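These notes concern the structure reproduced below.
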Amino acid sequence: MKIKLTESQLKRILNEVGGYDSVDVMASHGGLVHGEISMRTAQLVQQIQDITQNMADGNLSKHELLVGTYNLNARINDYVERINLLRDEVYIDDDFKKIIGSFLNSLRKIHKYFRLLVDINQNKEFSGVGGMGMDMGTDDLTLNIAQKLGPLKDHIEKIGDMIPTIVRRFTNRMNNLN
């Protein structure tokens with residue numbers, strides 16, 4: 001027997017099935033994927049909040065600002081690499097994947113800029129940190145970093161709103177399959 005489906009019907013079926021054959025597989029896989037995305041996002045957001053709060057308070061010297069930005073940039077790079085892999089493991093929630101993708105794109109742009117700003121160069125005497133930031137004053141450096149991080153607020157809010165939605169959806173799916 002052959003069944004003919006339109007492309008839109010096939011997408012709806014695939015979206016509903018989501019690649020899970022059992023409740024146990026869905027609970028294990030989906031829970032781990034969503035949990036790691038949530039955890040890593042919370043850690044990155046906390047680091048962003050820490051550096052922006054210290055910048056706003058004026059608590060950072062130029063050296064601390066450069067090193068803090070370098071450390072944040074390393075975290076951004078790690079986050080982008082890992083979440084990009086995990087995003088491909090989100091099977092059903094296309095809206096969640098879209099929000100994550102948009103966030104990752106913004107982070108990639110920031111990462112490229114921060115690499116120029118606080119490039120590591122072993123020939124420099126200033127703790128190995130070089131880049132454009134070395135030629136800036138502390139106020140200009142703070143302003144540049146803040147301008148790059150500012151647009152992340154909208155992405156962070158969207159992800160923050162989406163995570164409880166994902167948890168509710170996941171719980172509903174688990175309950176419907178039991």
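3J(HN,Hα) along the stretch 79-91: 4, 4, 4, 6, 5, 4, 5, 5, 4, 5, 8, 8, 8 Hz, from the Karplus curve 6.51 cos²θ - 1.76 cosθ + 1.60 with θ = phi - 60°, whole Hz, x for Gly and Pro.
Label-to-label distance for residue 49 and residue 168 is 2.2 nm, based on points extended 7 Å past Cα in the beta-carbon direction. Close amide H pairs (under 5 Å, H built 1.01 Å from N) link residue 130 with 119, 120, 121, residues at least 5 positions away or on another chain.
Full extension of the chain between residue 39 and residue 64 yields a length gain of 6.4 nm, computed as 0.36 nm times the residue separation minus the alpha carbon distance. As an exercise, use a Förster radius of 35 Å and the Cβ-Cβ distance of residue 115 and residue 10 to find the FRET efficiency, rounded to the nearest 0.05. The calculated FRET efficiency here is 0.25. Of 33, 118, 167, the sequence from fewest to most neighbouring Cβ atoms within 10 angstrom is 167, 33, 118.
FYI, it's all coordinate maths here, none of it is from the lab. Keep in mind the model is a prediction, meaning the values are calculated, not measured. Because the Cβ atoms are built from the backbone with ideal geometry, glycine has one as well, and the counts that use them run over all protein chains shown.
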